[in-house]
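This report refers to the structure that appears directly beneath it.
The values are calculated or read from the model by the stated rules, or taken from the named source; none is laboratory data. Everything numeric in this text was worked out from a predicted model, so none of it was measured. With ideal geometry, Cβ positions are generated from the backbone for all residues, glycine too; neighbour counts draw on all protein chains shown. Please note that ligands, DNA and RNA were not included when accessible areas were found on the heavy atoms of the full protein model with its side chains. Shrake-Rupley method; radii C 1.70, N 1.55, O 1.52, S 1.80 Å.
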Amino acid sequence: MGRWYWLIAAIMSVVIFAITLFPSHNAFGVLYVLVVVLVADRCTPRRLHIVGGVCVALECTSFAIRHYGAPFDGQYARLALSLIATIVVTILAARNRQARDALAEQARLLAHADRIATLGHLTASIAHEVNQPLSAIATFAQSGGRWLRRDRPDLPEALACFDQIKASSRRAAAIISRVRDLTRKAPLAHARLDLPALIEDTLLLLRSELATRGIDVRRHAAPNLPAIIGDRIAIQQIVMNVMLNAIQALETMTDHRRLITLTLAEDEAKHRTIRLQIQDSGPGFLHLDPDHLFAPFITTRASGMGMGLAICRTIALSHGGTIEARNATPRGAVVTVRLPVLEITS
């Protein structure tokens with residue numbers, strides 16, 4: 001929870017406490033519910049209970065100071081109503097927070113399951129990508145051995161082979177690392193992200209998938225794009241899901257070039273926002289309203305679950321961004337993701 005919210009809540013509590021010390025102002029104790037509501041979205045249920053308990057204690061303290069030794073009258077009824085309101089609001093707010101935390105956890109688990117399903121679909125593609133550097137390692141190892149076994153060993157050529165072995169091993173390790181990252185199940189970890197580099201890493205995992213289906217990819221990135229703040233794996237999941245949808249849409253196309261175009265630029269309509277646009281030359285959204293594409297369980301594929309775009313929307317919203325889809329002209333589909341840039345504070 002931000003320090004400003006704690007400060008505002010503390011000031012409100014002190015002001016309400018002071019007001020209830022004045023005659024005929026006991027009813028203002030009900031305003032403590034505003035303190036509970038203020039902090040409800042920004043602290044854990046345990047802390048929320050503590051805040052509610054402090055509010056109840058302050059209310060009872062002010063009443064005891066003002067009415068110590070006074071006879072029982074209607075003031076006690078107003079105190080009881082204020083206390084009940086504060087306690088009930090605290091309990092309801094805590095339960096609401098627990099429910100939202102549980103929903104967020106279910107969304108995270110669903111996103112993880114979607115990544116695992118995606119990797120299952122890409123198993124052959126990933127295996128091919130890993131096999132390429134492994135084959136290169138074996139080839140350069142044999143070549144290096146031959147250069148060294150000559151009557152007059154050629155050390156420069158052998159060293160060049162060893163350099164190629166090192167480069168290929170690093171490439172294989174990078175691919176395995178990317179796959180391992182996609183399989184991890186962890187809360188969102190927001191950090192500085194370079195979108196062009198992230199897209200290149202995603203395309204590397206999809207390269208065999210694209211090559212097998214004869215799909216060309218064009219990339220257009222504006223120079224000097226600012227970084228964004230977000231979770232690398234979550235943003236990569238958006239790109240991969242949209243790309244896989246485009247690949248599947250292009251599979252049946254035989255009458256024209258299969259092409260996916262990725263465009264990265266600062267959004268002219270919205271300040272301090274990066275726009276990622278993924279457009280394919282497929283049939284577009286033929287039978288579905290694009291406004292409903294991001295609803296769960298909406299799919300055009302017989303084997304699809306219809307959760308990919310719904311998860312993409314959840315991820316985009318959790319990053320303070322948006323995602324939308326429409327039909328392109330004269331053909332194809334366009335999915336646009338907008339994400340806020342990293343704000344540099346001095």
Only one of A221, A249, A227 is touching an Asp or Glu at 6+ places or on another chain (Cβ under 8 Å), small (G, A, S), under 16 Å from E200 (Cβ atoms) and in the same structural domain as I311 (by the TED database), namely A227
Original post:
Within the bounds of region 132-141, is there any residue that is within 30 Å of T263 (Cα to Cα) and either under 32 Å from the mean Cα position of the chain (by Cα) or among the acidic types (D, E) (or both)?
Top reply: yes
The lone condition R218 fails out of (1) closer than 15 Å to V239 by Cα; (2) basic (K, R); (3) in a helix (DSSP H, G or I) is (3)
Residue hits (region 266-303; among the acidic types (D, E) and modelled with pLDDT under 85) are D267, E268, D289, D291
Residue pairs qualifying under the 8 Å Cβ cut-off, at least six apart or on distinct chains, with the first in region 46-67 being among the basic types (K, R) and modelled with pLDDT under 85 and the second being open to solvent by less than 20 Å² (accessible area, probe 1.4 Å) and outside any helix (DSSP H, G or I), are R66/T20
All conditions in (1) closer than 22 Å to H319 by Cα; (2) of a type in the set (D, E); (3) more than 20 Å from the chain's Cα centre (by Cα) are true of D255 except (1)
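Consider I126 carefully, then state whether it is touching a helix residue (DSSP H, G or I) at 6+ places or on another chain (Cβ under 7 Å), outside the structural domain of M253 (by the TED database), open to solvent by less than 50 Å² (accessible area, probe 1.4 Å) and under 30 Å from T254 (Cβ atoms).
On the way: touching a helix residue (DSSP H, G or I) at 6+ places or on another chain (Cβ under 7 Å): yes; outside the structural domain of M253 (by the TED database): yes; open to solvent by less than 50 Å² (accessible area, probe 1.4 Å): yes; under 30 Å from T254 (Cβ atoms): yes.
Against the criterion (touching a helix residue (DSSP H, G or I) at 6+ places or on another chain (Cβ under 7 Å), outside the structural domain of M253 (by the TED database), open to solvent by less than 50 Å² (accessible area, probe 1.4 Å) and under 30 Å from T254 (Cβ atoms)), I126 qualifies.
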Of the listed residues (L134, L103), the one being at pLDDT 80 or above, farther than 25 Å from Q248 by Cβ and open to solvent by 70 Å² or more (accessible area, probe 1.4 Å) is L134
For H190, the lone unmet condition from (1) open to solvent by less than 50 Å² (accessible area, probe 1.4 Å); (2) closer than 21 Å to D231 by Cα is (1)
Screening A246, A325 for residues that are modelled with pLDDT of 85 or more, surrounded by 15 or more Cβ atoms within 10 Å (Cβ to Cβ), of a type in the set (A, V, I, L, M) and more than 28 Å from S177 (Cα to Cα) leaves only A325
Considering region 222-239, residues that are outside any helix (DSSP H, G or I) and either touching a residue at least 40 places away in the same chain (Cβ under 8 Å) or touching a Gly at 6+ places or on another chain (Cβ under 9 Å) (or both), and then whichever is most open to solvent (accessible area, probe 1.4 Å), we arrive at I229
